Structure formats: C-alpha cells, structure tokens
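Chemist: What follows is a structure written as structure tokens; I'll ask about it next.
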C-alpha cells in the first residue's frame, strides 16, 4: 500500500500544481479580446475605443489610413515587461481592413 502511494504521489502533486496555475488570469486576455472584437469591416472609431478599453495608448493617422496602439505591462515579480503593439490598416471608408498584433518581452 505504501509503495503504491509513493508511486502515485508525483501525479497528485502535478495535478494540484496544474489546477492552481490554470485558475490564474492570462496576460494575453486583451490580445484575445482584440482578435475577437476588432474584425474586418469594423469602424476606426470602434477599434480605437476597444483598444482604449484595454488600456492601450492609441494614435490614428487618417492620411496614412492607419491606427496604432501600444501597451506595456510589468510582469509581477520580475523586472520584465510585456509590450503589445497593434497596427490596424484602414480602407478608403475608414473601416478595418487588417489587424496585426505583436507581443514582446523587454527588460534590463
């Protein structure tokens, strides 16, 4: 009986660790939010408002038919920050034609 418990103990520990870590919110929730809401055909104003809701700084250049957004978040317990940049291309009617999202880690 004790041998069986010793063999199964690592599996129980791994399951407990997985259960604990799976409940924490992901850092990329806003990225998924952007991917699902800002779709082709959305207005530039809608895209900009959704980006601002997620805490992005935005800049719109209608003459270049582009909307840019930038956000940096420090990862808890580290000196590293996660930077997310969004580039939205607009068509002639100022509607979204393409969304490019890049994420990188920066630190000392």
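Chemist: For the stretch 68-77, what are the residues that are out of contact with any helix residue (DSSP H, G or I) (no Cβ under 6 Å at 6 or more places or on another chain) and either closer than 18 Å to residue 45 by Cβ or surrounded by 11 or more Cβ atoms within 10 Å (Cβ to Cβ) (or both)? Don't jump to the end; show me each part of the working.
Modeler: Initial filter on the stretch 68-77 (out of contact with any helix residue (DSSP H, G or I) (no Cβ under 6 Å at 6 or more places or on another chain)): 68, 70-77.
Result: 68, 70, 71, 72, 73, 74, 75.
Chemist: Sticking with this one: Just to be sure I understand the filter: pairs with C-beta atoms under 6 Å, separated by 6 or more residues or on different chains, first member in the stretch 37-60 and buried (at least 17 other Cβ atoms within 10 Å of the Cβ), second member in a loop (DSSP other than H, G, I, E, B). Which pairs pass?
Modeler: These pairs meet every condition: 44/94; 47/38; 50/38.
Chemist: Condition first: exposed (fewer than 13 other Cβ atoms within 10 Å of the Cβ) and modelled with pLDDT under 95. Now tell me which residues in the stretch 81-99 satisfy that.
Modeler: Taking the stretch 81-99 as the starting set, the residues that turn out to be exposed (fewer than 13 other Cβ atoms within 10 Å of the Cβ) are 92-93, 98.
Selection gives 92, 93.
Chemist: Checking the condition at negative phi, modelled with pLDDT under 90 and touching a strand residue (DSSP E or B) at 6+ places or on another chain (Cβ under 7 Å), which residue from 17, 34 passes? Even if it seems obvious, please write down each step before you answer.
Modeler: Numbers: 17 fails: touching a strand residue (DSSP E or B) at 6+ places or on another chain (Cβ under 7 Å).
Unique residue meeting the criteria: 34.
The values are calculated or read from the model by the stated rules, or taken from the named source; none is laboratory data. Since this is a predicted model, take the numbers as computed values, not measurements. Glycine also receives a Cβ, built like all others from the backbone with ideal geometry; neighbour counts cover every protein chain displayed.
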